[in-house]
Amino acid sequence: MAAAAMRQQRQEQEASCKATEDHRSEFDAAKPPPFRIGDVRAAVPAHCWRKSPLRSLSYVARDLAVVAALAAAAWGLDSWAVWPLYWAVQGTMFWALFVLGHDCGHGSFSDSGTLNSVVGHLLHTFILVPYNGWRISHRTHHQNHGHIEKDESWHPPLLTDEHLNCADHREAVPETGGTDQETTLLSTIPASGFPCLPLVQKPRQDRLALQPEQRSVYSQGEA
């Protein structure tokens, strides 16, 4: 009898544990996470928060050396069989330079705002990215993650009155977007996006709004 009772109790415990695991596996994206950003920061070891300007600058020197070596090798070989490979590899290294400038914009490159600004401007200028305009726009992105109107990086097509009034949503209706000139410019010449940012003083998401002149990523005194 005792063995049967223990077996029954163990089976009930296993069933209870399984039910708990099944409940925990149900993810509700509408609910906030069971932790705060402070909990995440507290879980990171203290040494990970210490910034080393020398180490950061060593990454800059290393990546610039690789960029220079790739350019020298491609120039020396000067072969149409090599140039396409060079473009791909060097483009990857240019992205590495962008990431270093990105860290400068976040302030994680060093504790010195001056050093961050100087290095960020130099690196981003080298790859034709307006550092200050990008930094402000990127800050807005991080302040509005997932926001359907304010996020700088995620901007789905917006519904218009024409969409809402359609009896059958399977009909082809135009999506909200910028002007034809803007759409053509940004879709056919991707490299124009960053250089145009300080000129228009508005990110792509603002140009999806009905009245973009009323919105800007720049605060007063930053434009």
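Counting only protein heavy atoms and using a 1.4 Å probe, the accessible area of Ile148 comes to about 90 Å². Within the assembled protein chains, the solvent-accessible surface assigned to Thr92 is about 90 Å², based on a 1.4 Å probe. A simple charge model with +1 on the Cβ of Lys and Arg, -1 on the Cβ of Asp and Glu and nothing else charged puts the dipole of region 18-103 at about 420 debye relative to its Cα centre.
A straight chain from Trp80 to His147 at 0.36 nm per residue would run longer than the Cα-Cα distance by 19.6 nm.
Solvent-accessible surface (1.4 Å probe) assigned to Glu12 amounts to roughly 110 Å². Across the options Trp75, Ser56, Phe35, the greatest Cα extent toward the positive end of the charge dipole of region 35-78 (unit charges at beta carbon of Lys, Arg, Asp, Glu) belongs to Phe35. For Ser108, what is the net charge nearby, where nearby means another residue's Cβ is under 12 Å from its Cβ and Lys, Arg count +1, Asp, Glu -1? Charge balance near Ser108 sits at +1.
Using a simple spin-label model with pseudo-atoms 7 Å out from Cα toward Cβ, Leu122 and Ala71 lie 1.4 nm apart.
The values are calculated or read from the model by the stated rules, or taken from the named source; none is laboratory data. Every value quoted in this text rests on a predicted model; they were computed, and no experiment measured them. For neighbour counting, all protein chains shown are included, and Cβ atoms are generated from backbone atoms with ideal geometry for every residue, glycine included. Ligands, DNA and RNA are excluded from the accessible area calculation, which covers all protein heavy atoms including side chains. Shrake-Rupley method; radii C 1.70, N 1.55, O 1.52, S 1.80 Å.
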